[in-house]
Amino acid sequence: MTKDEQKRLAEAFRKMHQAPPLLLLPNAWDAMSARIFEAAGFGAIATTSGGVAWALGFPDGEHAPWSEVVAATERIVRAVHVPVTADIEGGYGETPEQVATSVTEIIRTGVVGINLEDGTPRADMPMRSMEDSVARIRAVRDAAQVEGVPIVINARVDLYLKNVGTNETRFAETVQRGKAYMAAGADCLFPFGLADLKIIADLVKTLNVPINVVGRAGMPGVAELERLGVTRVSTASGPSLVVMSTVRQIAEELRTKGEFDVLKSAIKRPDAQQLFAPRPK
């Protein structure tokens, strides 16, 4: 991919955040899932840190080696012609400078957006300070400018995921962090773990910025979320977990029954081959 092509995809991806219509992003974990989502008609694709890590043989949570994550992301980008945004968790760096290095490397795979978390795996410090989080977002934006790619920064706010504070303080701090992150260079806010529709609607009205939520089983559909003012819906690790569940079912039936009817719903091999046939750029 040339830099001009990457810039064009980045600009197209940015425009997709000017809802309505709402941007529905499926999360891929390898070239196959990405190509299937593209073939289904999705205009952009996100990666899932969990799905990528599991496919590489590691737990989620920045346990997969960064070099392998970068290589996996590059394969996903190469497999499709639509914009790809990458989930890089906390940025694979303890300092803003280290995060900037990670972002530079992931941009060079051809992605046009990233997710960046402000939560941590530490029980004694579940959230990064606002100052640290802001500095990391600024470092990401600066790195993108150096690379000449106007990536979309989806700043994840993990207060609801980590269950920090009370309902009132959690909302107030999400608003405070949201304003600070947008001022630092973020383009979209991602209150991960927030599923309460009233709070989502209140957050949209209070901040008046693009909001990303996760689409999960039991939630209303795209039309209702769009009515609430949500800009972007992603599926996180959901699709990869469904596929893992299916593979587990196949394994259990093959092992316990020794019968093969569990394979009857498989896509036909010629269709799979056609899905990966060379395509003009």
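The values are calculated or read from the model by the stated rules, or taken from the named source; none is laboratory data. All values reported here derive from a predicted model rather than from experimental measurement. Neighbour counts are summed over all protein chains in view; Cβ atoms, including those assigned to glycine, are modelled from backbone coordinates with ideal geometry.
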Quiz item: Going through region 80-118 one residue at a time, which ones are assigned to a helix (DSSP H, G or I) and small (Gly, Ala, Ser)?
Solution: 100, 102
Quiz prompt | Checking residue 201 against (1) without any contact (Cβ under 8 Å) to a residue 40 or more places away in the chain; (2) assigned to a helix (DSSP H, G or I); (3) crowded, with 20+ Cβ neighbours inside 10 Å, the condition it does not meet | solution = (3)
Quiz item: Taking region 151-166 on its own, how many of its residues are within 17 Å of residue 47 (Cβ to Cβ) and not β-branched (Val, Ile, Thr)?
Solution: 3
Practice problem: Determine which single condition residue 193 fails, assuming it passes every other condition in (1) exposed (fewer than 15 other Cβ atoms within 10 Å of the Cβ); (2) among the small types (Gly, Ala, Ser); (3) under 18 Å from the mean Cα position of the chain (by Cα). | Solution: (1)
Quiz item: Given 83, 65, which one is modelled with pLDDT of 95 or more, crowded, with 21+ Cβ neighbours inside 10 Å and not hydrophobic (A, V, I, L, M, F, W, C)?
Solution: 83
Practice problem: Test residue 181 against the stated conditions and say whether it is closer than 29 Å to residue 198 by Cβ, out of contact with any Gly (no Cβ under 7 Å at 6 or more places or on another chain) and among the aromatic types (Phe, Trp, Tyr). | Solution: yes
Quiz prompt | Among the candidates 166, 206, 174, residue that is polar (S, T, N, Q) and crowded, with 18+ Cβ neighbours inside 10 Å | solution = 174
Practice problem: Run down 121, 150 and say which single residue is outside any helix (DSSP H, G or I) and modelled with pLDDT of 95 or more. | Solution: 150
Quiz prompt | Selection count where residues are touching a residue at least 40 places away in the same chain (Cβ under 8 Å) and not in a loop (DSSP other than H, G, I, E, B), scope region 204-226 | solution = 4
Quiz item: Can you tell me how many residues in region 250-273 are among the basic types (Lys, Arg) and closer than 27 Å to residue 35 by Cα?
Solution: 3
